[in-house]
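Structure, as structure tokens:
The values are calculated or read from the model by the stated rules, or taken from the named source; none is laboratory data. None of the values given here were measured: they were computed from a predicted structure. Positions of Cβ are generated from backbone atoms using ideal geometry, with glycine treated the same way; all protein chains shown enter the neighbour counts. Ligands, DNA and RNA are stripped out before the accessible areas are found, and what is left, the full protein with its side chains, is counted by its heavy atoms. Shrake-Rupley method; radii C 1.70, N 1.55, O 1.52, S 1.80 Å.
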Amino acid sequence: MDREGTAGRDDGRGEGRDGPEGPTSSVTLRVNGTVHALRLDNRTTLLDALREHLDLTGAKKGCDHGQCGACTVLVGGRRVNSCLLLAVACDEPVTTVEGLARDGRLHPLQEAFVARDALQCGYCTPGQICSAVALLDEAAAGHPSHVTPPHAARAEGAADLTRDEIRERMSGNLCRCGAYPHIVDAVADAHRETVR
Amino acid sequence: MKPFEHVRAERTERALAAHARHPRAQYLAGGTNLVDLMKLGVLDPPLLVDIGRLPLDTVAETSDGGLGIGATVRNSDLAAHPLVRSRYPVLSQALLSGASPQLRNVATTGGNLLQRTRCPYFQDVSHPCNKREPGTGCPARDGVHRDLAVLGHSAHCVATHPSDMAVALAALDARVRLLGPDGARELPLTDFHRLPGDRPERDTVLRPGELVTEVVLPPPAGTSAYRKARDRASYAFALASVAAVLAVADGRVRHAALAFGGLAHRPWRARAAEEVLRGAPADEETFARAVDAELAAARPLRDNGFKVPLARGLAVRVLTDLAAAS
């Protein structure tokens, strides 16, 4: 996937320019606070840009079709499947699992996953954690979910995160080891931490 | 994935002009379905016109008390919008019952309408498919079709439209605004998607180069709800779903709009059922009679007959719940 050979003059507009294997574009990615100027084949997904060009291998390639959530990262603070987002179309700041810790201290969700042993093989874990970080933000902003009947959903204020709510809101992240009960525990713990 | 050019449009007219450069160009918004289909080799556009930055990302009340929804409003933002939650709960519920939070954060209103069928033969380029390659045949008709159509299908195609959102929009009498090389036009959502007939490669009546710019809702005509049956509790396409809008006065149905998802090549507006409902007593007996009148047209395939009683149950339940709440 390395496209070093196609790198060339930056035309500064992100417009296409043919390389040996296909049109390329200059792409500026802001990842975990660092700005990267890249020239990428237009076909490069954000996931491949992170893993193959920036050596950020936290986000995982599971299904590569937006079905498993292993590639979940935050773009502009929102969780997305990085395998379905073309890097050339991405111009908001990206946060990956590598960028969650602050001042040498793990993010509360990372700590909760460790404390609750919320994994077995660990392959889905970076995606689970990034997804859960956004889940807490969404709940704090009062976003509704499928399991909350509309008449029961609060018109404003934070959503009530029951176990059913956490399971529904984490449904975009599969865990083939089946560590779901502990994942729900970890998210619930982190939620209690943040609302305390 | 085949190589492609990428052009970002900052203005709507520019997007149309860029698209005109190639007959097989595609507009790129969220890309959650388009990029996947490109990976699968189902689509190979030589040019993507990126419309992600166009100023089509707002939700605003219209002068008549309806709602204008920009084509690039994200599904999650639309589902959480206060006016959608309070006035059009069926739309919020339909959106939240589809896909995953990650996909809803990226997928757009226009893209949701234009997503392609998840028929396994359409998505697998090693099989023939009349929708993907006209004239090659439909292996689904006698093959794996448990998830596919029971209404409105043809000898050429038994695919279903996968959207939940579009089913709610059909029941809400939404209108779709389009902008193309020949100017702007507007049509009812129920006329936007097609039945397959002998042209299953055409999902919609969209003309070459036309762009969905907005979806417009009239003021709410009653209370509303969405109910969906699927193989998993979450993150699965509908086996059958129902969107209903109901207004009751003095125990009788004053307004009823009913649409089915997961049953046909397009969101299935149940006009025959509505005919029975109009002015009739708002009770379970009426609702069952109305739904039966609609589903009498069902022509199940070998393995999907279960969808008919499933859809019946969903519809009667939703209408009964709405009547009890009003």
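Residue count for the range A:91-121 under the criterion of being closer than 15 Å to residue A:180 by Cα and of a type in the set (Asp, Glu): the result is 1.
Select from the range B:20-41 the residues that are among the polar types (S, T, N, Q) and at the interface with another protein chain (Cβ under 9 Å from one of its Cβ atoms) and write down the one among them that is surrounded by the fewest Cβ atoms within 10 Å (Cβ to Cβ).
B:33
Among the candidates B:199, B:271, B:207, B:266, the residue that is more than 30 Å from residue B:16 (Cα to Cα) and away from chain A (no Cβ under 14 Å) is uniquely B:271. Looking across B:138, B:119, B:129, one residue alone is in contact with a Leu (Cβ under 7 Å, 6 or more places away or on another chain) and outside the structural domain of residue B:13 (by TED's automatic domain parsing). It is B:119. If only residues of the range B:224-234 that are in contact with a Leu (Cβ under 9 Å, 6 or more places away or on another chain) and at the interface with another protein chain (Cβ under 10 Å from one of its Cβ atoms) are counted, the one that is surrounded by the fewest Cβ atoms within 10 Å (Cβ to Cβ) is B:228.
Scanning the range A:68-107 for residues being more than 14 Å from chain B (Cβ to nearest Cβ) and either of a type in the set (Gly, Ala, Ser) or surrounded by fewer than 20 Cβ atoms within 10 Å (Cβ to Cβ) (or both) gives a total of 11.
Taking only the range B:69-93 into account, find how many residues are small (Gly, Ala, Ser), touching a Gly at 6+ places or on another chain (Cβ under 8 Å) and more than 7 Å from chain A (Cβ to nearest Cβ).
Total meeting the criteria: 1.
Of the helices (runs of 4 or more DSSP H) entirely within the range A:81-196, those holding at least 3 residues that are over 28 Å from residue A:48 (Cα atoms) occupy A:163-169, A:180-195. Those helices (runs of 4 or more DSSP H) of the range B:89-208 in which 3 or more residues are in contact (Cβ under 8 Å) with a residue 60 or more places away in the chain occupy B:89-96, B:109-114, B:165-171. Restricted to the range B:1-85, the set of helices (runs of 4 or more DSSP H) holding at least 3 residues that are in contact (Cβ under 8 Å) with a residue 60 or more places away in the chain comprises B:12-19, B:34-40. Remark: pairs (first residue in the range A:68-97, without any contact (Cβ under 8 Å) to a residue 40 or more places away in the chain and over 23 Å from residue B:10 (Cα atoms); second residue open to solvent by 10 Å² or more (accessible area, probe 1.4 Å) and among the acidic types (Asp, Glu); Cβ separation under 8 Å; 6+ apart in sequence or on different chains) = A:83/A:64.
With in contact with a helix residue (DSSP H, G or I) (Cβ under 6 Å, 6 or more places away or on another chain) and within 14 Å of chain A (Cβ to nearest Cβ) as the only criterion, which of B:103, B:96 stands out?
On the way: B:103 fails: in contact with a helix residue (DSSP H, G or I) (Cβ under 6 Å, 6 or more places away or on another chain).
The unique qualifying residue is B:96.
With the condition kept exactly as written, say whether any residue in the range B:259-278 is part of a loop (DSSP other than H, G, I, E, B), assigned by TED's automatic domain parsing to the domain that holds residue B:118 and surrounded by fewer than 19 Cβ atoms within 10 Å (Cβ to Cβ). Looking for residues that are part of a loop (DSSP other than H, G, I, E, B), assigned by TED's automatic domain parsing to the domain that holds residue B:118 and surrounded by fewer than 19 Cβ atoms within 10 Å (Cβ to Cβ), one finds at least one in the range B:259-278, hence yes.
Take residue A:83 and tell me if it is assigned by TED's automatic domain parsing to the domain that holds residue A:57 and at pLDDT 95 or above. Spelling it out, residue A:83 is indeed assigned by TED's automatic domain parsing to the domain that holds residue A:57 and at pLDDT 95 or above.
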